[in-house]
Amino acid sequence: MMTKLFCWWFKLQGWKTGENIPADVKKCVVIGAPHTSNWDFVFALAAFKFFGVEPNYLAKKELFWWPLSILLKRTGAISIERSKSNNAVEDFIEEFKKKDKMILVFPAEGTRKAVDKWKTGFYHVAQGANVPVFLAYLDYKNKIAGFGKPLYLSGNIEQDFVKIKEFYKNIEPKNPSCFNVDGIRPKIK
């Protein structure tokens with residue numbers, strides 16, 4: 001029901017869909033960026049619905065309160081504890097191995113604020129599961145939601161992040177002051 005409302009709002013606001021994930025791609029990691037507003041959630045879920053893509057996506061544990069938790073779970077959300085180290089990367093790699101189809105969306109920035117470096121969990125999951133990365137976007141200037149071409153990781157994280165930065169440099173977020181294109185570099189511990 002809520003996603004139908006989101007789809008109606010998507011159309012009413014004049015949004016269009018761009019390129020989709022090819023139908024033959026059954027497993028992939030998706031980067032959801034730039035992420036600068038709660039509206040990104042609404043427009044992204046609508047776009048996924050229009051694309052016919054049923055993703056799982058990561059959401060911080062703090063969002064899983066009633067009644068929001070019902071919407072989140074029904075739309076594919078996976079609760080993630082950000083405050084402590086866990087085996088999430090290994091767990092997601094195992095899930096990719098078990099399933100015939102899995103599209104997993106990561107908010108690589110980890111917040112709606114501008115960051116100096118991106119989290120790298122998406123990279124390690126994609127590399128470990130041997131799946132491509134698709135760069136999803138919501139371009140508020142042109143009101144287009146879509147996916148870039150697949151990025152097959154080279155194993156050179158800095159080089160791969162240069163490609164990611166190149167892709168996102170011309171995408172306009174809802175709140176440009178909350179997106180740091182120069183922050184598209186790996187946060188290596």
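The values are calculated or read from the model by the stated rules, or taken from the named source; none is laboratory data. Source: prediction; values computed, not measured. No Cβ is skipped: glycine too gets one built from the backbone with ideal geometry, and neighbour counts run over all protein chains shown.
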Discussion item. For the range 2-19, check the following and say yes or no: at least one residue is under 27 Å from Lys149 (Cα atoms), at pLDDT below 95, surrounded by 18 or more Cβ atoms within 10 Å (Cβ to Cβ) and among the polar types (S, T, N, Q).
Written reply: no
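Yes/no matrix, rows are residues, columns are (1) within 25 Å of Thr3 (Cβ to Cβ); (2) among the aromatic types (Phe, Trp, Tyr); (3) surrounded by fewer than 18 Cβ atoms within 10 Å (Cβ to Cβ):
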residue	(1), (2), (3)
Ala77	yes, no, no
Asn86	no, no, yes
Lys97	no, no, yes
Pro107	yes, no, no
Lys117	no, no, yes
Ala129	no, no, no
Ile164	no, no, no
Ser177	no, no, yes
Val181	no, no, yes
Worksheet item: Just to be sure, is Phe64 at pLDDT 95 or above and either in contact with a Leu (Cβ under 8 Å, 6 or more places away or on another chain) or surrounded by 16 or more Cβ atoms within 10 Å (Cβ to Cβ) (or both)?
Response: no
Worksheet item: Can you tell me which residues in the range 1-35 are of a type in the set (A, V, I, L, M, F, W, C), in contact (Cβ under 8 Å) with a residue 24 or more places away in the chain and closer than 21 Å to Lys174 by Cα?
Response: Phe6, Cys7, Trp9, Phe10, Trp15, Val30, Ile31, Ala33
Worksheet item: So which of Lys113, Lys165 ends up being basic (Lys, Arg) and not in a helix (DSSP H, G or I)?
Response: Lys113
Discussion item. Could you go through the range 35-46 and let me know if any residue there is of a type outside the set (A, V, I, L, M, F, W, C) and within 18 Å of Val133 (Cβ to Cβ).
Written reply: yes
Discussion item. Let me spell it out: the conditions are (1) assigned to a helix (DSSP H, G or I); (2) surrounded by fewer than 19 Cβ atoms within 10 Å (Cβ to Cβ), and Phe122 meets all of them except one. Which number is the exception?
Written reply: (2)
Discussion item. Among the numbered criteria (1) of a type in the set (A, V, I, L, M); (2) in contact (Cβ under 8 Å) with a residue 40 or more places away in the chain; (3) buried (at least 17 other Cβ atoms within 10 Å of the Cβ); (4) more than 15 Å from Asp116 (Cβ to Cβ), which one does Leu153 miss?
Written reply: (2)
Practice prompt. Filter the range 147-162 for residues that are of a type in the set (A, V, I, L, M) and either part of a strand (DSSP E or B) or in contact with a Ser or Thr (Cβ under 9 Å, 6 or more places away or on another chain) (or both) and give the result.
Written response: Leu151, Ile157
Worksheet item: Of the conditions (1) within 18 Å of the chain's Cα centre (by Cα); (2) closer than 24 Å to Asn175 by Cβ; (3) surrounded by 13 or more Cβ atoms within 10 Å (Cβ to Cβ); (4) in contact (Cβ under 8 Å) with a residue 40 or more places away in the chain, Asn38 fails just one. Which one is it?
Response: (3)
